[in-house]
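J.: Before we start, here is the structure in question, set down as structure tokens.
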Amino acid sequence: MRGSLLGIHALVVLLLVVTKDVYGELVVNSQQHQDLTAVLGVLQRALLNTMEAVSNLTQVVAKGHGLDYNECPVPFINLMNQCFYLNKVDKLDFEASRKFCQGMGADLAQPKYPHALRVYIRDTFGDTRSIFKLGGSDLVEEGDWRWLTGESITEWWSPGQPDDYRGQQDCLYVQCSPAYKQPFDDGGCQSKTPFICEYKK
Ligand SMILES: [Ca+2]
């Protein structure tokens, strides 16, 4: 019995000591917690500022290289900072293909870098026979080749083109065959072919 009382006494003393220690520890931890929370807040703000600075710097560097990391809206792809949709399924004439592109918030494409476009088509579709309609013609005045926006088309004609073959070629195409030393060729506006839409960012 005495042993039991001694045991209970020892247990109570032990509990008091532990409780005191735990309480003391809790007080210290609470202060530390406040301090750490404040430090964490400062670090979080510093980290966010750093991430924003890195993002801005990445964009500056990208633009310095002629690139733009802003993505094109689906289903357009970014090619040399222009947004294109290559339609090889719905083979359409000039007017119908324009209408199709307009239905996507776009119009027939005016590629700034036709060689890049030609390489992309070859790599994507794995053939060199493809031709795609673009957003250019001499429909307003025979021989005066213009983009849909009105600018003259003066470069990137394959040698001997535009030849207005049989007097029926008034629309602009990108040719993928290496037989064409440059990408541009004139073809029929009524021909039902693949075409490329461009979404202007
Ligand atoms: Ca031609």
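The values are calculated or read from the model by the stated rules, or taken from the named source; none is laboratory data. Worth saying up front: this structure is predicted, and the values here are computed from it rather than measured. Methodologically, a virtual Cβ is constructed for each residue, glycine included, from the backbone with ideal geometry; neighbour enumeration extends over all protein chains shown.
J.: Pull out all pairs, ordered by first then second residue, where Cβ-Cβ is under 7 Å, the residues are six or more apart or on different chains, the first lies in segment 149-173 and is more than 14 Å from residue 190 (Cβ to Cβ) and among the aromatic types (Phe, Trp, Tyr), and the second is within 13 Å of the ligand (Cβ to nearest atom) and part of a loop (DSSP other than H, G, I, E, B).
T.: Filtered contacts from segment 149-173: 156/182; 156/183; 157/182.
J.: Say we look at segment 122-164 and pick out the residues that are surrounded by fewer than 13 Cβ atoms within 10 Å (Cβ to Cβ) and within 11 Å of the ligand (Cβ to nearest atom); which of these is farthest from residue 192 (Cα to Cα)?
T.: So, considering only residues that are surrounded by fewer than 13 Cβ atoms within 10 Å (Cβ to Cβ) and within 11 Å of the ligand (Cβ to nearest atom), the one farthest from residue 192 (Cα to Cα) is 160.
J.: Let me ask another. So residue 197 clears everything in (1) more than 13 Å from the ligand (Cβ to nearest atom); (2) free of Cβ contacts under 8 Å to residues at least 40 places away in the same chain except one condition, right? Which one?
T.: Result: residue 197 fails condition (2) only.
J.: Here's something else I'd like to know. I'm trying to understand the selection: among the residues of segment 165-180, which are more than 9 Å from the ligand (Cβ to nearest atom) and over 18 Å from residue 114 (Cα atoms)?
T.: 166, 167, 168, 170, listed by residue number.
J.: May I pose another question? Quick one: what pairs do we get from segment 115-142, first residue free of Cβ contacts under 8 Å to residues at least 24 places away in the same chain, second part of a loop (DSSP other than H, G, I, E, B), C-beta under 8 Å, 6+ apart or different chains?
T.: none
J.: Being hydroxyl-bearing (Ser, Thr, Tyr) and surrounded by fewer than 20 Cβ atoms within 10 Å (Cβ to Cβ) is the filter here; which residues of segment 95-119 pass it?
T.: 113, the sole residue that qualifies.
J.: Moving on to the next point. With respect to residue 183, determine if the residue is more than 16 Å from the ligand (Cβ to nearest atom), in contact with a strand residue (DSSP E or B) (Cβ under 7 Å, 6 or more places away or on another chain), closer than 27 Å to residue 74 by Cα and modelled with pLDDT of 95 or more.
T.: Judged against the criteria, residue 183 is not a match.
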